[in-house]
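First comes the structure, then the notes that go with it.
The values are calculated or read from the model by the stated rules, or taken from the named source; none is laboratory data. Everything numeric here is computed off the predicted structure, so don't read it as measured data. Virtual Cβ from ideal backbone geometry, glycine too; neighbours counted across all protein chains shown. Please note that ligands, DNA and RNA were not included when accessible areas were found on the heavy atoms of the full protein model with its side chains. Shrake-Rupley method; radii C 1.70, N 1.55, O 1.52, S 1.80 Å.
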Amino acid sequence: MTAAEQPFTGGAFAPVAEEVTLTDLAVEGEIPRELDGLLLRNGPNPFGSGEAGDHWFTGDGMLHGLRLAGGRARWYRNRWVRTGQLAWERGEGPKPQLGDGDSPANTNVITHAHRVLALCEVGLPYEVTATLDTVGRRDFGGRLASAGPGLPAGPMTAHPKLDPGSGELIFFGYWWGPPYLRYHVADRRGEIVHSAEIEVPGPTMMHDCAITATRTLFLDLPVCFDLGLLEHTKMPYRFAPDHGARVGIVPRRGTSADVRWFEIEPCYIFHTLNAWDEGDLVVMLAARYPSMFDWSEAEARFMPAPTASLHRYTFDLASGAAKAEPLDDLAVEFPRGDERRLGRPQRFGYGVSVERRPQGDPAFRHLVKHDLRTRRRQMHLVGAEDMCSEPVFAPRGPGEDDGWILAVRYDAGRDASDVLVIDAADFSAPPRARIRLPVRIPLGFHGNWLPGVGG
Ligand SMILES: [Fe+2]
């Protein structure tokens, strides 16, 4: 297998073989003293050699934690999530409380109601401690029950939304058989207080959702499940524009009968940036791909060629009309913002620019900041040969954009990673601090800044 056919196992993507605990890390520049908390990241890190042909999306989840406090980088740890499968592969199990390992738990890591959860959309979340030891699967007291006999419990999206006003966690789970889509709201104590089955025409890959202060938006987009594809590809999904594309808007505690569906042009959205209410309008910002998993075009490539650009959707609840408008033509991914604004009007977004190398694999060389009011952007080059991860916003003062951007940079020259601390309001300037790890954090998917958390 050539590098072109398997672009997600080398360089910045290459898995690491060891779990380490490192203290008092080398820092260039100055870590702002108000940064007191834990930066957590999650991403795939296949244990052992990994099966040849593994897709980037399927490796065992590994968590990376960096504890910042008092102007110092106190510790860094990386730990595999002890899913049932991983524990068994490492000769550590299987342990009954760790379940049957149907989820690699490799996509995101969040905190809610004093629990830290590692998430992947194909199964239940795994609870971990603030020092990254696995506690076990969390099924919300049985409320994320199996869809049927013989089926795994859960699942739960890797992109739940934390309402900054109510403290509620809003999320869904999708599955390949009926019921295809279930909707949940957990209160600020972490108890599920609302669940509803949402009727959709069939099984699609539903990676993200969005919330406003009062509503939830579901993305029923035409990346359709087809088990037969696994003979030829590593992903059982195909772009099927005939399925149609719809966004469903439901009141926070609504049911399937309350959903208003809006037809949109077929596309795919992995990630929304935000959404909010504006009178009768619901606004949604998202990174939109014209297609995804169109195997007829991309043949056996592991990552198809289309790129996403930031779009603004408006849904008119009075007239039923939907509009889509590009905000910027730059190819981007991993859009994030100041999550104190989640569900509320937002001016600034941060992300990663996506360039395609000739062999098709992506290069993430720039962090990007969008000013959605002036429609201008600023870029932060992390290095011509280097790669950067999703930017995470850590608040400083109360204002939007008043905070720090934390991003992992793969330093190709050292084959190791730095964590960059960038002033969000002075985005293109050199980082305020660079924490120089002696190890690599493989380019992963998502993470969060947990203020005040960490041993
Ligand atoms: Fe994601």
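Observations on the structure shown:
- When we screen Asp226, Asp163 for residues that are more than 16 Å from the ligand (Cβ to nearest atom) and modelled with pLDDT of 95 or more, the only hit is Asp163.
- Scanning the stretch 241-298 for residues that are in contact with a Phe, Trp or Tyr (Cβ under 6 Å, 6 or more places away or on another chain) and of a type in the set (Lys, Arg) turns up just one, Arg246.
- Residue within the stretch 302-325 that is modelled with pLDDT under 95, more than 18 Å from the chain's Cα centre (by Cα) and open to solvent by 50 Å² or more (accessible area, probe 1.4 Å) present: yes
- Hey, Pro94 within 16 Å of the ligand (Cβ to nearest atom), in contact with a helix residue (DSSP H, G or I) (Cβ under 8 Å, 6 or more places away or on another chain) and modelled with pLDDT under 95 or not: no
- Residues in the stretch 105-122 that are away from the ligand (no atom under 15 Å from the Cβ) and assigned to a loop (DSSP other than H, G, I, E, B) were compared, and the one that is surrounded by the most Cβ atoms within 10 Å (Cβ to Cβ) is Ala113.
- Criterion violated by Ala245 - all others in (1) without any contact (Cβ under 8 Å) to a residue 40 or more places away in the chain; (2) open to solvent by less than 10 Å² (accessible area, probe 1.4 Å); (3) closer than 14 Å to Tyr183 by Cα; (4) of a type in the set (Gly, Ala, Ser) satisfied: (3)
- Residue within the stretch 373-382 that is within 16 Å of the ligand (Cβ to nearest atom) and in contact (Cβ under 8 Å) with a residue 24 or more places away in the chain present: no
- Residue satisfying all of: in the stretch 422-455; away from the ligand (no atom under 16 Å from the Cβ) and of a type in the set (Phe, Trp, Tyr); nearest to Arg72 (Cα to Cα) among these: Trp449
- Condition check for Gly337: within 16 Å of the ligand (Cβ to nearest atom), small (Gly, Ala, Ser) and open to solvent by less than 20 Å² (accessible area, probe 1.4 Å): yes
- Residue within the stretch 358-367 that is open to solvent by less than 40 Å² (accessible area, probe 1.4 Å), within 16 Å of the ligand (Cβ to nearest atom) and not in a loop (DSSP other than H, G, I, E, B) present: yes
- Residue check for Leu169: in contact with a strand residue (DSSP E or B) (Cβ under 6 Å, 6 or more places away or on another chain), surrounded by 15 or more Cβ atoms within 10 Å (Cβ to Cβ) and free of Cβ contacts under 8 Å to residues at least 40 places away in the same chain: no
- In summary, Met206 fulfils each of the numbered conditions (1) within 16 Å of the ligand (Cβ to nearest atom); (2) assigned to a strand (DSSP E or B); (3) touching an Asp or Glu at 6+ places or on another chain (Cβ under 9 Å) with the single exception of condition (2).
- Boolean, Ile264 is within 16 Å of the ligand (Cβ to nearest atom) and either among the hydroxyl-bearing types (Ser, Thr, Tyr) or under 12 Å from Leu221 (Cβ atoms) (or both): no
- When residues of the stretch 376-400 are limited to those that are part of a loop (DSSP other than H, G, I, E, B) and open to solvent by 20 Å² or more (accessible area, probe 1.4 Å), the one nearest to Pro32 (Cα to Cα): Arg396
- The selection criterion, being at pLDDT 95 or above and in contact with a helix residue (DSSP H, G or I) (Cβ under 9 Å, 6 or more places away or on another chain), does not hold for Arg340.
- Odd one out for Pro164, checked against (1) in contact with a helix residue (DSSP H, G or I) (Cβ under 7 Å, 6 or more places away or on another chain); (2) buried (at least 22 other Cβ atoms within 10 Å of the Cβ): (2)
- Residue match in the stretch 289-296 (condition: within 16 Å of the ligand (Cβ to nearest atom), touching a residue at least 40 places away in the same chain (Cβ under 8 Å) and buried (at least 17 other Cβ atoms within 10 Å of the Cβ)): yes
- Selection of the stretch 172-214 for residues being touching a helix residue (DSSP H, G or I) at 6+ places or on another chain (Cβ under 9 Å) and open to solvent by 50 Å² or more (accessible area, probe 1.4 Å) yields Trp176, Glu197, Glu199, Pro201.
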